[in-house]
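See below for the structure under consideration.
The values are calculated or read from the model by the stated rules, or taken from the named source; none is laboratory data. No experiment lies behind these values; they were computed from the predicted model shown. Don't worry about glycine lacking a Cβ; one is built from the backbone with ideal geometry, like all the others, and counts go over all protein chains shown.
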Amino acid sequence: MNITGEKLHKKTKDDKMTTSFHHYIRSLTPMLSVGAFAADMMHLAAEIEKLDGSGVEMLHFDVMDGVFCPMMTAGPSFIKQAQTKYLKDVHLMIENPASKISLFAEAGADMITVHLESYPAHIHSLIQAIKKLKNVNSADREIIAGVAINPGTPVDSIKNILDVVDMITILAVNPGWQGQSFIKTTAKKVEQAISLINESERDILLCIDGGVTKENIHDIAQMAPDIVVAGSAIFDGKDPEDNARYFVNILKKGKTKGLIHET
């Protein structure tokens, strides 16, 4: 076990199953995924353009249906209309995601994350189904298949899908409620997830989502995540490019924190 809580990335027997797009994402990590719905939605294209030059590579789309969590956002048609050079990281906080994943693939998702809690009985087959979807952005890309767990869900609950999942997202707030702070027990859950990933001997991405601010990004970076999601801290009505650059720089400084890449 990696007792320092640092994530070990090494070439294993599973690498033959790891595709070039996954390797490309790995090459960008640690990275920031910017929450698009925190921007001014009436001027989304202009808001996204403000990120140019910040080092951001990915936009995060929180899809809420008002059932799985209390808020509602937007669906696949909106994401499809969000024409952008950035990778599209789609987080489905919805009931019955199996009936919707193909719509989000058609909308241009590069990554699709579903909640364990929304489809627990068949989460393994759902992850497999996501991995079979076509990435409409490029024939050379697959779709990264992720699973997310809420703050109240134990990390061990994802143990039986480590053979198929590409990314694990640890939520640091409860989905669908505004004004929440980063839950302190997240750090322990991240440590547990890293331990499971290392034991799996697979190159599984690790994401932290929720409650990320300028005040805690230094501490979060020391948890060694691959991807960190931040929205309102970037689009705070001031300078999105400068805010995003600040987060990117902090995360990149954490890249050498015990990460080992063997060839």
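Some points to look at:
- Only one entry of 176, 152 meets the criterion of being surrounded by 15 or more Cβ atoms within 10 Å (Cβ to Cβ) and part of a loop (DSSP other than H, G, I, E, B), and that entry is 176.
- Note on the stretch 239-256: residues that are at pLDDT below 90 and either under 24 Å from residue 146 (Cα atoms) or small (Gly, Ala, Ser) (or both) total 2.
- Candidates 236, 203 - the one that is touching a helix residue (DSSP H, G or I) at 6+ places or on another chain (Cβ under 7 Å) and modelled with pLDDT under 95: 236
- Scanning the stretch 20-48 for residues that are loosely packed, with under 13 Cβ neighbours inside 10 Å and either modelled with pLDDT of 95 or more or part of a helix (DSSP H, G or I) (or both) turns up 20, 23, 27, 41, 42, 43, 45, 46.
- Within the span defined as the stretch 95-111, every residue fails to be surrounded by fewer than 23 Cβ atoms within 10 Å (Cβ to Cβ), at pLDDT 95 or above, outside any loop (DSSP other than H, G, I, E, B) and basic (Lys, Arg).
Listed here are the residues, each with its yes/no results for (1) of a type in the set (Lys, Arg); (2) in contact with a helix residue (DSSP H, G or I) (Cβ under 8 Å, 6 or more places away or on another chain).
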| site | (1), (2) |
| --- | --- |
| 85 | yes, no |
| 91 | no, no |
| 94 | no, yes |
| 100 | yes, yes |
| 104 | no, yes |
| 115 | no, yes |
| 122 | no, yes |
| 126 | no, yes |
| 130 | no, yes |
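- Residue match in the stretch 121-129 (condition: within 18 Å of residue 35 (Cβ to Cβ) and either touching a Pro at 6+ places or on another chain (Cβ under 9 Å) or in a helix (DSSP H, G or I) (or both)): no
- Per-region count, the stretch 192-230, residues of a type outside the set (Val, Ile, Thr), within 17 Å of the chain's Cα centre (by Cα) and assigned to a helix (DSSP H, G or I): 2
- Restricting 134, 159, 184 to those that are out of contact with any strand residue (DSSP E or B) (no Cβ under 9 Å at 6 or more places or on another chain), among the basic types (Lys, Arg) and free of Cβ contacts under 8 Å to residues at least 12 places away in the same chain reduces the list to 184.
- The set of residues from the stretch 58-77 being in contact (Cβ under 8 Å) with a residue 24 or more places away in the chain, closer than 26 Å to residue 180 by Cα and not in a strand (DSSP E or B) comprises 67, 68, 69, 70, 71, 73, 74, 75.
- Residues in the stretch 77-94 that are closer than 13 Å to residue 61 by Cα, surrounded by fewer than 21 Cβ atoms within 10 Å (Cβ to Cβ) and among the charged types (D, E, K, R): 80 only.
- Residue satisfying all of: in the stretch 179-191; of a type in the set (Gly, Ala, Ser) and assigned to a loop (DSSP other than H, G, I, E, B); surrounded by the most Cβ atoms within 10 Å (Cβ to Cβ) among these: 181
- Answer residue from the stretch 155-169, given it is of a type in the set (A, V, I, L, M, F, W, C) and closer than 18 Å to residue 185 by Cα and is surrounded by the most Cβ atoms within 10 Å (Cβ to Cβ) among those: 168
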